[in-house]
Structure formats: C-alpha cells, structure tokens
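Shown next, in structure tokens, is the structure this report addresses.
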Amino acid sequence: MNKDLPPLPGREQIALLEPFEGLGLQDIRVVTTLREAQDATKALLASGVVGFDTESKPTFAKFEVSGGPHVIQFATLHEAWLFQLHRTEFHGELGALLASTELTKVGFGLSSDLGLIRQRFGVEPQAVFDIDSEFRHRGYRKSVGVKTAVALVFNRRFIKSRKATTSNWANRQLTDAQLRYAANDSYAAIRVFDALGLRVGA
C-alpha cells in the first residue's frame, strides 16, 4: 500500500467519532405517483450524478430467495428520492432512469443490488460507479464500505441501525427510521464521491 495513504480507521476508532449529519425527513421525497416519478427524473437527470442504493426485505431461511429490491433510492447533495416498488405505475419511468447513461449512479458494494435489479426489472443499469473501486485505485487493498469511507473522508461516524437494516422493506408504509436510513445510504455515497473530487455535472 502507498505509504502516503492515511490508514483506514478501525471499528473502535470510528465509534469515537462525532456522528455524520445526514438528510432530515424534510429533505426526503417518497415517490408515490407517476407524476412525482417524472418530476424526480427531471431533478435527478439535471444533477448528472447521484448517490444510489437499494433496500430489500431480508431473507432468513437458508434457501429463501429475495423478492427485492423493494426500495430504490437516489440522492443529490441536498435531497433524496425513494421509490417503493410495490407501486407499479412508475416502473417504466424508474427502469428508464436506471438504464440512462446520462445519469451517473454512485454507491458502495452495488453488485448484489444490480443483480436484484436485473432480476426484477429485466433492465441493465448503466453508468454505475462503485466508490470502493476508487479507493482500490488509490492504493487501498481492503474493501472500503460507507462507514469506513465516511470516517476516512469526513472524520465522522456513519450510523447504520441494525434494526432498520433488518426491517421489512416491503411494507407499504415505511417508518421515519426507514426513510432516513434509506435516504442517507445514498446521500453518504454522493457526499463521499463529491469530496473525493470525482464529481461530474452540476
């Protein structure tokens, strides 16, 4: 590893940091209609690059197959949009957004997310950038996830609630905790991407 690289912080170090300030509920849009999906698409495409992630109802049985994703989220530096996939009226709009080469979608550890999207939508997501690859390019040998990246870049602790992680993302009505969790997964990604000087577009 490059000797000039700052070492990756460990779990104990991260636990001592001040919390990362994420988006509040007032900055999170839950898309419920085709019109809202169209408005979201315009705002996201205007941004050029967005944080991106998905959430799926967890599977607990050994051979249980995930029916996810159940939520797909995008974030700019100022707000986030959550698409709940039980609403089928905007699937066409969302599929076009995922397949768009005009919108760069950045996130952490996206391979399983992309696999589920292909399975559920039959769409090949385009212009996807896994931020972990940038850390590897810079000389880090270990995989860098969102918690480590936020600690390294911002000297802040990214809080991921286990309760929210393992909650039922297929619920028609998401809780405030789920909304914040989903939105800030994608928001942290765009913040890190931006801070690394990789940002393109507006």
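The values are calculated or read from the model by the stated rules, or taken from the named source; none is laboratory data. On a predicted model such as this, the values are computed, not experimentally measured, just so you know. Don't worry about glycine lacking a Cβ; one is built from the backbone with ideal geometry, like all the others, and counts go over all protein chains shown. Side chains included, ligands, DNA and RNA excluded: accessible areas come from the protein's heavy atoms. Shrake-Rupley method; radii C 1.70, N 1.55, O 1.52, S 1.80 Å.
Worth pointing out:
- Separation of the stretch 8-24 from the stretch 43-58 is 23 Å, based on Cα centroids.
- Degrees separating the helix 176-195 axis from the principal Cα axis of the chain, which is the longest one: 50 degrees
- For Arg29, distant residues with modelled amide H under 5 Å away: Ala80, Trp81, Leu82
- By accessible area with a 1.4 Å probe, ligands and nucleic acids excluded, highest first: order of Arg156, Arg191: Arg156, Arg191
- Rough spin-label spacing in nm, given labels placed 7 Å along Cα→Cβ, for Lys142 and Ala195: 1.8 nm
- The chain, accessible surface, carbon-and-sulfur percent (1.4 angstrom probe): 50 percent
- Taking 16 Å as the cut-off, the amide N atoms of the stretch 157-182 that come nearer than this to a point 7 Å along the Cα-to-beta-carbon line of Leu25 belong to 173-182.
- Exposure rank, largest accessible area first [Glu79, Glu55, Glu21; 1.4 Å]: Glu21, Glu79, Glu55
- Relative contact order for the chain: 33 percent, from Cα pairs under 8 Å spaced at least 6 residues apart, divided by residue count.
- Most to least packed among 171-181, 133-143 [average Cβ atoms within 10 Å]: 171-181, 133-143
- Accessible area in square angstrom per residue, the chain, 1.4 angstrom probe: 52 Å²
- Spin-label model, Ser161/Glu12: points 7 Å from Cα along the beta carbon direction are separated by 2.9 nm.
- Calculated P(r) of the stretch 22-159 - Cα pairs past 18 Å, %: 59 percent
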